[in-house]
Structure formats: structure tokens, C-alpha cells
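S.K.: There's a structure below that I have some questions on.
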2 protein chains.
Amino acid sequence: MGSDLAPEPEIEGALAALSDIPELRLTLVGQQDKLRAALKGRGGDRISITHAPEVITMDDSPLRAVRQKKNASMLVALRLLKKGEADGFVTAGNTGAMMIASRTVLRSIEGVARSALCQLLPALGKPALLLDLGANVDCTAMHLCQFAEMGMVYAQDVLGRDNPRVGLLNIGSEQLKGTDLVKEVHQRLSQAEHINFVGNVEPKSVYKGEADVVVCDGYIGNFVLKTSEAAALHIATQVRYQMSQDLISKIGGLLSLGAMKRLKKTIDPNEYLGAPLLGVRGIVIKQHGGTNALGITNALHGAVRAVNSNVTDHIRDGIAEMRSPQLN
Amino acid sequence: MGSDLAPEPEIEGALAALSDIPELRLTLVGQQDKLRAALKGRGGDRISITHAPEVITMDDSPLRAVRQKKNASMLVALRLLKKGEADGFVTAGNTGAMMIASRTVLRSIEGVARSALCQLLPALGKPALLLDLGANVDCTAMHLCQFAEMGMVYAQDVLGRDNPRVGLLNIGSEQLKGTDLVKEVHQRLSQAEHINFVGNVEPKSVYKGEADVVVCDGYIGNFVLKTSEAAALHIATQVRYQMSQDLISKIGGLLSLGAMKRLKKTIDPNEYLGAPLLGVRGIVIKQHGGTNALGITNALHGAVRAVNSNVTDHIRDGIAEMRSPQLN
């Protein structure tokens, strides 16, 4: 029930994922009348409905909504995970509510001080995984080191990156720039032998593809992600606008349609696997609220890969191993 | 001596500005042998050279460089301002050194607690003025309110905006989102009757042109600016790349050259007036290190406009007037 156009993108995306992935079984959680009506004549034997009468909207205060709407689809779905009746959860709903509900219902993996929301940013070569995006301002050095560990595991397990390069987001590339927190984290990650730490990375280095995993506190991360999305959208809009200004440009624009489609594919969030919340006991993937069916299908692919590769167990093991003096 | 290709962009840009602006007189400050050689046969009677033997490089530590290189071009130039022998100063050199040197030599305008570095961000309609970009992390609510005042004055005087809309940079548009600092500033600016405060603005609202002036702390501001530049460059590079992938796209690309040129004009920093450091006693404009001659010419235009419109006096008056209880 979470996306702006729910439940249509969810249902269409779910059906496409079922046809892509033979071993997948899906439970749609939400208002059963709506879901049944929308699913009528389209469902198969691998899709079922679990009723949840309430809906958390994008305008709800996350904390209040999680406390008061006990039977919202998000909470009902997370309880299925908790009981072992589901292996992963995909939602396009309220991000804050998703994080609070996941932490409350599933709890953190042993040793994880704070779960982290991650997202892929477009970059030359392969996209970079940015975390945390959880909008928390009070991150400690230990939190950021754990983000590095969790991001590394996800990049290996789900993105298939070999020995992923981990960078620390900073304004300047010199070690001395940045806050005391960033300097402290830089020192700790430099000393962590199992982490392929490539040092400080600026936004332009991220776009150049110089790191697989980019670590930052959730407040900065949010600004970087939102600025990045806004700038890309602005440029794309300007390209279209300028190409509509005269006949030659219009013809140029028509001939460039294929090129523009390929470009869109590299920056469209619906082409990505969704944003995993790493560090909770279960696979939780957030897709953006404006998702289309493709975005839901891709988020489901991401969830299946995360389940199949045991990313949760690997995070638990990684966090346990990193409890050496220099990382805590 | 400051830009990456100094002194050529400075000299070519200076000569172009002299031909644009009849009342302009310029002093080139730097190593006189180099400047004389580069200027030979090109100069006129409105351009002179003041010798400065030392150069602050991009790799210098700003604080140490300002303390130790007393005869660097930047410091010599600022002393000309201090003595009243120049009305404005344009540099493409080390940003940190420029800020420290300006504050040390010129000092702050009476009542200004912290000077702020501003830059124009591309946006629909007219670009938005973002400040502070000074990389300071410890901004108070009073600092941010003063940034709003100074940005408003600059937008009126130099950018010619009437009753400029002032926004507060935030992740969400709701008043309740953000840090305690942001909430406090939101409340104060809402109560300031002489400021046309439009509330919180997200990066996407900035790009949509919903504010003329966007206030934030210098640490966030730097991330937003650098991410914005990196994202724009990435998309522009990707457009070129995709248009080179097949014959049809190549022809489309050729026909779209005019459109692309117009697009580049809207995002090329050389097309803007440079980044003013507001709040010091004098006009100081920073152009980016990779500037070309056009960037220098435009920064000189910005400096002339700032001098002619008395922006420094107006900031002093504005800061004095805003000493009401709710703004301090």
C-alpha cells in the first residue's frame, strides 16, 4: 500500500518478478478488497494476500504512525518476517516509518549499533553504494565503521563486487580535511586490514566510480543523495527543453532518443535494486515512493539476491569479527 | 597568480573586462616578470601591475600560507583594498587562504559574526544563491540568520532580484524535519518581517527555482555544491558518451550541438559572476581554480556590480537593523 500509485505498481511489479524468478513466492500485504480487485484474473498460485486494514501515509509522522497503526501493512508484513513466514520485505512506503518499524519489530543484528539505509548512486562503470541515508545526525566513529563493514558485505553478496573498495565521503581528498569524526573514522578504517579502504572520496570521485561503497553519516548522505537526484533531473529536463527550442535541435533530439533512453537507464532509480536497510534481522528493501512496476520488480530481485546470499548472516559474522580494538 | 593556468586566464579575462566596462581600472597583482611578459603588447592605460613575489598554491595549508607568505599575491592585493587603493578583489586561488586572508586583512563588517562564501547554483528560471560554502561546521542560528540577510542584500544589489525569496536548506519540506539548529533558524526567519522567507527548501526545490537565496551551514553547503557540480558533469559526460555509441545517435548529437551549447551555458561556472565572500569590509570575489578567461571576466563584472551598488554598506545597514530580539 506504500507507493504513490499503490497498489498498481506493486501488483504489476510483483507479477513480473514472479515470472522472472521461478522459486519466488509472494505475499501482498494490505487492504484485501483493494488487492483482490486489482489482482483479479492476473494472479497465480505463487501469490497470496494477507489482510492489513491500516495504511501509513507519506504525511504520517513515522514514530506516531508506527505506535498507533499497529495493523498497517508495513507492520503486518514485518511481523510475517519476524515469525519466519517471509524471508524478505519490499516497500515503497514512508521511509521513516519503514526504518522505525523494522528496528522495532525485527530488532538489530547482534552487535550492530545502528542499522543503515543504503542506496546506489550512478557512477562511471558501476554504481556506488552510499550509506547511511537514515538522516541520523549523531553518528559516532563506531557507527561509521560498522556502516563500512555492512556496505562491504552487501556489495560482495548482492552486487557481486570482488574485494569492494570502501571510501569515506569528504569534501577534500586530503586526510586532514573534514570534521574530527571523519578524521577518526579515516584512521580506524586505514587500520582495518580486512577492509579495502581507499581513503576519502569527494562527490566527484564517487561519480568517477572510485569506490564501490561510500560511507557517511545519514544527514550528509541525505543531502548528497537528494542533491544528486535533483541535479540529474534538472540536467535531463534542460536537455529536453533545449532540444525543443528549434527545428534542427528537435531533429537532433529525435535521432538521439536511443542515446537518451540508455542515459535514462543509468540514472533512473527504478532500474536499481532498491535501498536495503542493513543491520536489522531480516531483508528489508525500500523502493522510492514514486516507483513504477519496474522499480518494484527490481527491488524484489534485490531482496531475493540478499536472501539467497545470506547477507544478514554475513553482516552478523563481519560485525562480530571487527570487534578489534581499532574498530570499536 | 591563483588559477590552475595562471596567469593566462587572468590576463585574457582582465583585458576582456576592460573592453566591456569603460570605467574599470585594473591592477594585476603577482610576479611582475611573468605578468609583464604575458601582458606585453596587449595592455592599455587602464591596467597596471603590482609586484608580489610569493604565490599561495592550491596545496598550501591555508592558515600556514597566510601566516608565512606575507608577500603572496593574495595578501598584497587585499592590502591594496585595505588602503583604499582598490575597490574590489578577484581571485581564482586557494579558497581557504582567500577566506582567512580576507578576514585577517579586511576584517568583518561591524556586527557580522562570520563572513559567508556564496555561489550561484543552476535552477529553472534564474540561478539560486547558496550560502554559506565556507566549510564551517559550528554555525549558530545567529550566523545562519545573518547569512540570510547578507544573501538577500547581494541578491537585490548584484543579481537585481526584487524582494528575493529566502529559503532554508533542509531535507524535508516540513518545518519539523531537520536538526535543532535548522528548526531554530526556521522560527527566527519566519518572525523576521523584512525577510521574504519561503520556509524550508529541499535540493529539488532549489533546482526548481523556488528560492533566490538558500541558507545553510558551510559544511552542508559544500557537499550540496560539490555533489551538484559532480552530478551535472556526470550527466553531461554520459550524454556525450551515449551520443557516440551508434551512427544515428552521432548524427543526433551533431544536430543537437546548439542545444548542448545552450545547456552548457546554464551549468558552466565560468558563465556566472563568481563566488562573493560576503561580510568582510570590501568586495572579494572567488572564481574557481579551473576558470577560463570568461570566468575571470564574469567575476570582474560581479565585482564591479557589487562595488557600484554599495553592497558592503547595505550589508552593514542590514545587519545593524536586524539586531532585534528574534534575530540575535
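The numbers here are math on the coordinates, done by the rules we state, and not lab data. Values in this document were obtained by computation on a predicted structure and should not be read as measured data. Positions of Cβ are backbone-derived with ideal geometry, glycine not excepted, and every protein chain shown enters the neighbour counts.
S.K.: If you place +1 on the Cβ of every Lys and Arg, -1 on the Cβ of every Asp and Glu, and leave all else neutral, what size is the dipole of the stretch B:60-160 about its Cα centre, to the nearest 20 Debye? Write out the running numbers ahead of the final one.
M.R.: Working: 11 positive and 8 negative charges, 105 e Å.
I would put it at about 500 debye.
S.K.: Is the shape of chain B best called rounded, prolate or oblate, per the rule: a/c under 1.5 gives rounded, else a/b larger than b/c gives prolate, else oblate, with a ≥ b ≥ c the square roots of the Cα gyration tensor eigenvalues? Write down the numbers at each step before the final one.
M.R.: Working: a/c = 1.81, a/b = 1.10, b/c = 1.64.
Judged from the Cα gyration tensor, chain B comes out oblate (a/c at least 1.5, b/c at or above a/b).
S.K.: For the stretch B:229-328, what Kirkwood radius comes out of the mean inverse Cα-Cα distance, in Å?
M.R.: Working: mean 1/r = 0.0596 Å⁻¹.
In the stretch B:229-328 this quantity evaluates to 16.8 Å.
S.K.: For the protein assembly as shown, what is the convex hull (Cα atoms) projected area averaged across all directions, in square nanometres? Mind showing how you got there, number by number?
M.R.: Numbers: hull surface 127.2 nm².
Result: a mean projected hull area of 31.8 nm².
S.K.: Aspartates and glutamates near A:Lys40 by alpha-carbon distance under 19 Å, same-chain residues fewer than 8 away left out - which ones?
M.R.: Those aspartates and glutamates meeting the cut-off are A:Glu8, A:Glu10, A:Glu12.
S.K.: Aspartates and glutamates near A:Lys261 by alpha-carbon distance under 19 Å, same-chain residues fewer than 8 away left out - which ones?
M.R.: A:Glu229, A:Glu271, B:Asp246
S.K.: Count charges around B:Leu225 for me, please; just the other residues with Cβ under 13 Å from its Cβ, Lys/Arg as +1, Asp/Glu as -1.
M.R.: Details: positive: A:Lys204, B:Lys226, B:Lys286; negative: A:Glu202, B:Asp132, B:Asp217, B:Glu229.
Net of charged neighbours comes to -1.
S.K.: Moving on. Ratio of the stretch B:127-230's C-alpha Rg to 2.2 N^0.38 Å, to two decimals? Present the calculation step by step, with values, prior to reporting the outcome.
M.R.: Working: Rg = 12.3 Å, N = 104, 2.2 N^0.38 = 12.8 Å.
Expressed relative to 2.2 N^0.38 Å, the Cα Rg reads 0.96.
S.K.: Quick one: putting +1 on the C-beta of Lys and Arg, -1 on the C-beta of Asp and Glu, what dipole do you get for the protein assembly as shown around its Cα centre, in Debye to the nearest 20? The partial results should precede the final answer.
M.R.: Working: 72 positive and 68 negative charges, 74 e Å.
Using Cβ point charges on Lys, Arg, Asp and Glu, the protein assembly as shown gives about 360 debye.
S.K.: Could you list B:Val185, B:Val213 so that the one with the fewest beta carbons within 10 Å of its beta carbon is first and the one with the most is last? It would help to have the intermediate numbers written out before the result.
M.R.: Numbers: B:Val185 28, B:Val213 31.
Least to most surrounded, the residues fall as B:Val185, B:Val213.
S.K.: For the stretch A:179-250, what does the alpha-carbon gyration tensor say about shape, rounded, prolate or oblate, given a ≥ b ≥ c as the root eigenvalues, a/c under 1.5 as rounded, and a/b over b/c as prolate?
M.R.: Working: a/c = 4.96, a/b = 2.83, b/c = 1.76.
Verdict is prolate for the stretch A:179-250.
S.K.: How far, in nm, would the chain grow between B:Asp33 and B:Ser19 when pulled straight, counting 0.36 nm per residue and subtracting the alpha carbon separation? Walk me through the numbers on the way to the answer.
M.R.: Numbers: separation 14, 0.36 × 14 = 5.04 nm, distance 2.40 nm.
Stretched fully, the B:Asp33-B:Ser19 segment lengthens by 2.6 nm.
S.K.: Modelled label-to-label distance, A:Arg240 and B:Ala320, 7 Å Cα→beta-carbon offset: nm?
M.R.: 5.1
S.K.: Report the normalised scattering of the stretch B:112-162 as log10 I(q)/I(0) at q = 0.24, 0.26, 0.28, 0.29 Å⁻¹, calculated by the Debye formula with identical scatterers on the alpha carbons.
M.R.: -0.93, -1.03, -1.13, -1.17
S.K.: Across the residues of A:242-250, average count of Cβ atoms on other protein chains within 10 Å? Walk me through the intermediate numbers first.
M.R.: Numbers: counts 10, 8, 1, 3, 3, 1, 6, 8, 3.
Average neighbour count from other chains, rounded to a whole number: 5.
S.K.: Hey, another quick one. May I ask you to list the lysines whose Cα is less than 29 Å away from that of B:Lys183, ignoring any residue fewer than eight positions away on the same chain?
M.R.: Counting by Cα, and skipping residues close in sequence, B:Lys183 has these lysines nearby: A:Lys69, A:Lys177, A:Lys183, A:Lys226, A:Lys286, B:Lys126, B:Lys204, B:Lys208, B:Lys226.
S.K.: Mind checking the dipole of chain B: about its Cα centre, +1 per Lys or Arg Cβ, -1 per Asp or Glu Cβ, Debye to the nearest 20? Can you show the working numbers first?
M.R.: Details: 36 positive and 34 negative charges, 119 e Å.
Dipole of chain B, to the nearest 20 debye: 580 debye.
S.K.: I've got another one for you. Please say if the stretch A:166-312 is rounded, prolate or oblate, where rounded means a/c under 1.5 for a ≥ b ≥ c the square roots of the C-alpha gyration tensor eigenvalues, and otherwise the choice is prolate for a/b larger than b/c and oblate otherwise?
M.R.: Since a/c reaches 1.5 but b/c is at least a/b, the shape of the stretch A:166-312 is classed as oblate.
S.K.: Work out the FRET efficiency for A:Asp87 and A:His51 from their Cβ-Cβ distance, taking R0 = 25 Å, and round it to the nearest 0.05.
M.R.: Working: r = 20 Å, r/R0 = 0.82.
Calculated value: 0.75.
S.K.: Pairs of Cα atoms under 8 Å, at least six residues apart: use those to get the relative contact order of chain B, whole percent.
M.R.: On the way: 607 pairs, mean separation 79.2, N = 328.
Relative contact order, chain B: 24 percent.
S.K.: Using the number of other C-beta atoms within 10 angstrom as an exposure proxy, rank B:Thr266, A:Thr104 with the fewest first. Display every interim value, and only then the final one.
M.R.: Numbers: B:Thr266 18, A:Thr104 14.
The order, fewest Cβ neighbours first, is A:Thr104, B:Thr266.
S.K.: Next question, about the same structure. Which of B:Lys261, B:Lys183, B:Lys286 has the fewest other C-beta atoms within 10 Å, and how do the rest follow up to the most? Intermediate results must be reported in sequence, preceding the final value.
M.R.: Numbers: B:Lys261 11, B:Lys183 17, B:Lys286 26.
Ranking B:Lys261, B:Lys183, B:Lys286 by Cβ neighbours within 10 Å, fewest first, gives B:Lys261, B:Lys183, B:Lys286.
S.K.: Still on this structure: Under 8 Å for C-alpha pairs, at least 6 residues apart: give me the relative contact order for the stretch B:1-114, rounded to a whole percent.
M.R.: Reported as a whole number, the value is 25 percent.
S.K.: Once every DSSP H run of n ≥ 4 in the protein assembly as shown is given -39500 (n - 2.57) and the sum is divided by its residues, what mean residue ellipticity at 222 nm do you get, rounded to the nearest 500 deg cm²/dmol?
M.R.: On the way: 26 runs with 312 residues, N = 656.
Taken over the protein assembly as shown, the calculation gives -15000 deg cm²/dmol.
S.K.: Starting from the 7 Å offset along Cα-to-Cβ, what nm value, one decimal, do you get for the label separation of A:His194 and B:His194?
M.R.: My value for the distance between the label points is 6.1 nm.
S.K.: Could I ask something else about it? If amide H atoms are built 1.01 Å from N in the plane of the peptide, which residues on other chains or at least 5 residues away come under 5 Å of the amide H of B:Ile283?
M.R.: Under 5 Å from the amide H of B:Ile283 lie the amide H atoms of B:Phe89, each far enough along the sequence or on another chain.
S.K.: Next up: Quick one: with label points 7 Å out along Cα→Cβ, list the inter-copy distances for A:Lys261 in nm, shortest first?
M.R.: Nearest to farthest, the other copies are at 3.0 nm.
S.K.: Right, here's the next one. Where Lys and Arg each count +1 and Asp and Glu each count -1, what net charge lies around B:Ala192 among other residues with Cβ under 11 Å from its Cβ? If you can, show how the numbers build up before the last one.
M.R.: Values: positive: B:Arg188; negative: B:Glu149, B:Glu193, B:Glu321.
So the environment of B:Ala192 carries a net charge of -2.
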